[in-house]
Amino acid sequence: MKIYQVEELVGITRKNIRFYEEQGLLSPGRNPENGYRDYSLADVRLLEKIKLLRKLSVPIEEIRLLEQGKLDLPESMERQIGRLEKEQQAAELMKDFCTKIKAGAAGLDALDAESYLQEIKEHEKGGTVFLDIEKEDVERKKKSGALLAAAVFCALMLLGLAGTVLACITEPDALIPMLVVALTIVCAIAGTIFAVIQRIQEINKGEEYEARKY
């Protein structure tokens with residue numbers, strides 16, 4: 001089957017399917033007639049397993065070890081339970097910090113950030129992991145970049161569309177060719193908007209970033 005069919009069956013974007021292939025987690029066969037990837041039902045089932053494990057935040061490297069038979073599933077789940085327990089403890093700790101800040105500071109000017117950061121630093125030395133600020137910044141930067149690029153492109157296309165409309169008015173004899181150009185520009189703008197929406201959805205899912213961490 002083709003990749004778009006796999007997307008529909010598993011609910012994973014082709015971008016992430018390609019990523020799992022690059023990571024060696026998936027190796028679909030090739031159609032001997034055209035050399036294109038030919039996904040089998042076994043590939044679909046494997047992707048479902050990968051999707052489930054990634055939903056549970058199991059690292060890519062561990063999934064690879066599971067596929068290679070170098071790690072068994074119960075041991076992998078035991079490791080993940082330990083990681084999740086640490087995350088839960090970190091969440092409880094952050095909740096405690098928020099409660100203390102709420103009770104101790106009436107406003108931002110009165111917040112003693114230095115003492116709290118020092119306390120957080122001590123907890124981090126003990127293995128506690130707080131919010132990944134880098135991830136938040138990376139996602140924000142990616143979204144801004146995608147939106148800016150799309151806005152610039154659409155603005156240029158709109159200028160071209162305005163010029164085309166003006167040409168249609170001043171040169172009626174060239175109406176049909178100009179209409180074709182205008183329609184092409186409108187389609188390009190619509191395609192750009194659709195693409196940037198998809199890109200932002202991918203960034204919001206965070207799959208690409210999460211996979212790269214491991």
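The values are calculated or read from the model by the stated rules, or taken from the named source; none is laboratory data. Quantities reported herein were computed from a predicted structural model and do not represent experimental measurements. So basically every Cβ, Gly included, is an ideal-geometry build from the backbone, and we count neighbours across all protein chains shown. The area values use the complete protein model at the heavy-atom level, side chains included, leaving out ligands, DNA and RNA. Shrake-Rupley method; radii C 1.70, N 1.55, O 1.52, S 1.80 Å.
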Per DSSP, loop trypsin sites (Lys or Arg not before Pro) in the stretch 1-109 with at most 15 further Cβ within 10 Å: K2, K70
Return the carbon/sulfur percentage of the accessible area of the stretch 9-85, one whole number, probe 1.4 Å, all protein chains in place. 53
When the chain is treated as a GNM, springs tying every alpha-carbon pair under 10 Å, which of G145, G24, G104 comes out with the largest mean-square fluctuation? G104
Selection of chymotrypsin sites (Phe, Trp or Tyr not before Pro), the stretch 20-104, meeting DSSP coil and at most 14 other Cβ within 10 Å: Y36
Taking the Cα centre of the stretch 1-83 as origin and charging only Cβ (+1 Lys, Arg; -1 Asp, Glu), how large is the dipole, in debye to the nearest 20? 240
Accessible-area value, V152, 1.4 Å probe, nucleic acids and ligands omitted, Å²: 80
Could you tell me which residue out of F97, S115, S76 lies farthest along the dipole of the stretch 20-121 toward its positive end? Charges go on the beta carbon: Lys and Arg +1, Asp and Glu -1, centred on the Cα centre. S76
Under the Kirkwood approximation for Rh and a Cα-based Rg, what ratio Rg/Rh is obtained for the stretch 31-91? 1.16
Among (i) 1, 5, 9, 10, 11, 11, 11, 10, 9, 7, 5, 4, 3, 2, 1, 0; (ii) 1, 7, 14, 18, 19, 16, 13, 8, 4, 1, 0; (iii) 1, 7, 15, 19, 20, 16, 10, 5, 3, 2, 1, 1, 0, 0, the entry derived from the coordinates for P(r) over Cα pairs in 5 Å bins from 0, in percent: (i)
Tilt relative to the chain, helix 175-205 - C-alpha long axis, 0 to 90 degrees, to 10: 10
Counting only C-alpha contacts under 8 Å and six or more residues apart, can you give the relative contact order of the chain as a whole percent? 16
Relative contact order (percent, whole number), the stretch 1-124, Cα cutoff 8 Å, 6+ residue spacing: 16
Based on the Cβ-Cβ distance of D112 and L71, what FRET efficiency does E = 1/(1 + (r/R0)^6) give at R0 = 45 Å, to the nearest 0.05? 0.50
Mind checking the angle between helix 113-125 and the chain's longest principal axis? C-alpha axes, 0 to 90 degrees, to the nearest 10. 80
Gain in length, M94 to E124, computed as 0.36 nm per residue apart minus the alpha-carbon separation, to one decimal in nm? 9.6 nm
Within the chain, helix-based [θ] at 222 nm, where runs of 4 or more DSSP H residues each add -39,500 (n - 2.57), nearest 500: -25500 deg cm²/dmol
What FRET efficiency would be calculated for the residue pair L56, A190, taking the C-beta separation as r and a Förster radius of 35 Å, to the nearest 0.05? 0.40
Apply the Karplus parameterisation 6.51 cos²θ - 1.76 cosθ + 1.60, with θ equal to phi minus 60°, to every residue of the stretch 85-92 and state each ³J(HN,Hα) to the nearest whole Hz, in sequence, with x for glycine and proline. 5, 5, 5, 5, 4, 5, 5, 5
With every protein chain in place, the accessible area of T192 for a 1.4 Å probe, in Å² rounded to the nearest 10, comes to 30
Please work out how much length the chain gains when fully extended from E171 to I200, using 0.36 nm per residue of separation minus the C-alpha to C-alpha distance, in nm with one decimal. 6.3 nm
For the chain, what does the accessible surface come to per residue with a 1.4 Å probe? Please give it in Å². 68
Just to check I understand the Karplus step: with θ = phi - 60° and J = 6.51 cos²θ - 1.76 cosθ + 1.60, what whole-Hz values come out for the stretch 15-27, glycine and proline as x? 4, 6, 4, 4, 4, 5, 5, 4, 7, x, 7, 9, 9
Sequence of C154, C98 from largest to smallest accessible area, 1.4 Å probe: C98, C154
